[in-house]
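Below is one structure. I have some questions about it.
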């Protein structure tokens, strides 16, 4: 017993220096962690928080590091709504690079979370907090690395512009974020291209196996479906019922698939992913990009929602409301159908297709709001080349794979304004886990520091004189 205790004590003593070394952070890592914590612990929930406070805190960080007030300014379109625009000035030999990250987050209630969502908690190799991945990681990395470049005396051949924006989580409906900046301060944020969220590093079993670059997003548009009827007493029903008519139309929509249409991005996505997968899935991915796609392969891929959304435009019923009383025939039935339209596909054609599929002139179809079109960003050899040169240093053997986001980021407004956008975070995480907007949002601690260093090197290589 005594011998066992002595052996255990000896092991602990020998391990102590290694444990301490593992916890030691470089000055840059400590700065990144401090900035990350500060950002996370400022409540920036879109509806009730204060992004102005967060933007001011980051501006103060930059000013303390030597940036002038003009090069680290906070622009405030409304109370508690702030946007940071910071600039590391270069020689001007090339147009600027824009680094975009949003600092607003979705609501998180304490009672729904294991940890306080507005405190940075490190546990079990993860950082837990609301916004830890979406998107205060990139915001913290961009500010940290801008300070680091300044400390090094790095003079790029193009300005590096960092924008931390508000209200992304609402699609900037109130016009306080990127749309306001484009309208009122375009000169401050104009750039050759932008880096934004949208794609990270995919891991399986703890190992990185693919690196994503998002070059396009689906277009968001919703429709209201409405059926009206004179109604009457429920004791004398007729076959002409507003709820039944609407339900029949929605059932037809549920059985319908839009045609498969591959773009440069989605074709490359399936081609490259086919080389990483095995068995039937790999064969189906290869078959879907063939000159004559195999219908059986298309059907099997379509049965997987994540791949189906890459193959085609999708429209799905998301809300339903009908009738006004338990003992009355419905005078009105309504539904909302949300569509995610492939870039380049005419939205009006989608509306016409919906009307044809619903196949009932009494179902009135109304577009709820005009969509913001978002043309794909062409694959840029300067960016892809820089990424592919860096990947072996961080994630050996992982290929670069172009992706199309089926959701939306504020990159769509930049693309619409003529600034190409590339979603590329450098943050590694398990492909089967996505806790953004959900319970216990988290990022791997190792991935946090790794991603910071990766973005530091990537941006520097894209702005290096003579590169």
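Could you tell me which of the residues 227, 211, 236 is modelled with pLDDT of 95 or more and out of contact with any strand residue (DSSP E or B) (no Cβ under 7 Å at 6 or more places or on another chain)?
Values: 227 fails: out of contact with any strand residue (DSSP E or B) (no Cβ under 7 Å at 6 or more places or on another chain); 211 fails: out of contact with any strand residue (DSSP E or B) (no Cβ under 7 Å at 6 or more places or on another chain).
So the residue among 227, 211, 236 that is modelled with pLDDT of 95 or more and out of contact with any strand residue (DSSP E or B) (no Cβ under 7 Å at 6 or more places or on another chain) is 236.
Still on this structure, please answer the following. Take the residues in segment 19-47 that are assigned to a loop (DSSP other than H, G, I, E, B) and modelled with pLDDT under 95; name whichever of them is nearest to residue 442 (Cα to Cα).
So in segment 19-47, the residues assigned to a loop (DSSP other than H, G, I, E, B) come out as 24-26, 41-44, 46-47.
With the extra rule that they be modelled with pLDDT under 95, the set shrinks to 24, 46-47.
Values: 24: 21, 46: 19, 47: 22 Å.
Among residues in segment 19-47 that are assigned to a loop (DSSP other than H, G, I, E, B) and modelled with pLDDT under 95, the one nearest to residue 442 (Cα to Cα) is 46.
How about segment 231-277: which of its residues are surrounded by fewer than 13 Cβ atoms within 10 Å (Cβ to Cβ), assigned to a helix (DSSP H, G or I) and without any contact (Cβ under 8 Å) to a residue 60 or more places away in the chain?
251
Same structure, new question: Output the residues belonging to segment 322-347 that are closer than 24 Å to residue 376 by Cβ and outside any loop (DSSP other than H, G, I, E, B).
Taking segment 322-347 first, the residues closer than 24 Å to residue 376 by Cβ are 338-347.
Correct list: 338, 339, 340, 341, 347.
From the residues in segment 150-181 that are surrounded by fewer than 20 Cβ atoms within 10 Å (Cβ to Cβ) and part of a helix (DSSP H, G or I), which one is modelled with the lowest pLDDT?
Looking at residues that are surrounded by fewer than 20 Cβ atoms within 10 Å (Cβ to Cβ) and part of a helix (DSSP H, G or I), I get 170.
Which residue, of 131, 82, is part of a strand (DSSP E or B), in contact (Cβ under 8 Å) with a residue 12 or more places away in the chain and crowded, with 24+ Cβ neighbours inside 10 Å? Quick ask: steps written out before the conclusion?
Values: 131 fails: part of a strand (DSSP E or B).
Selected residue: 82, the only one of 131, 82 that is part of a strand (DSSP E or B), in contact (Cβ under 8 Å) with a residue 12 or more places away in the chain and crowded, with 24+ Cβ neighbours inside 10 Å.
Please go through segment 420-440 and give me each residue that is over 15 Å from the mean Cα position of the chain (by Cα) and assigned to a loop (DSSP other than H, G, I, E, B), ordered by number. Walk me through it before giving the result.
Residues of segment 420-440 over 15 Å from the mean Cα position of the chain (by Cα): 420, 430, 432, 439-440.
Result: 420, 432, 439, 440.
Listed here are the residues, each with its yes/no results for (1) surrounded by 24 or more Cβ atoms within 10 Å (Cβ to Cβ); (2) modelled with pLDDT of 95 or more; (3) outside any loop (DSSP other than H, G, I, E, B).
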| site | (1), (2), (3) |
| --- | --- |
| 92 | no, yes, no |
| 111 | no, no, yes |
| 119 | no, yes, no |
| 122 | no, yes, yes |
| 140 | yes, yes, yes |
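Residue 443 - would you say it is closer than 20 Å to residue 203 by Cβ and either at pLDDT 95 or above or within 19 Å of the chain's Cα centre (by Cα) (or both)?
On the way: closer than 20 Å to residue 203 by Cβ: yes; either at pLDDT 95 or above or within 19 Å of the chain's Cα centre (by Cα) (or both): yes.
Judged against the criteria, residue 443 is a match.
The values are calculated or read from the model by the stated rules, or taken from the named source; none is laboratory data. Since the model is a prediction, treat every value here as computed from it, not as a measurement. Because the Cβ atoms are built from the backbone with ideal geometry, glycine has one as well, and the counts that use them run over all protein chains shown.
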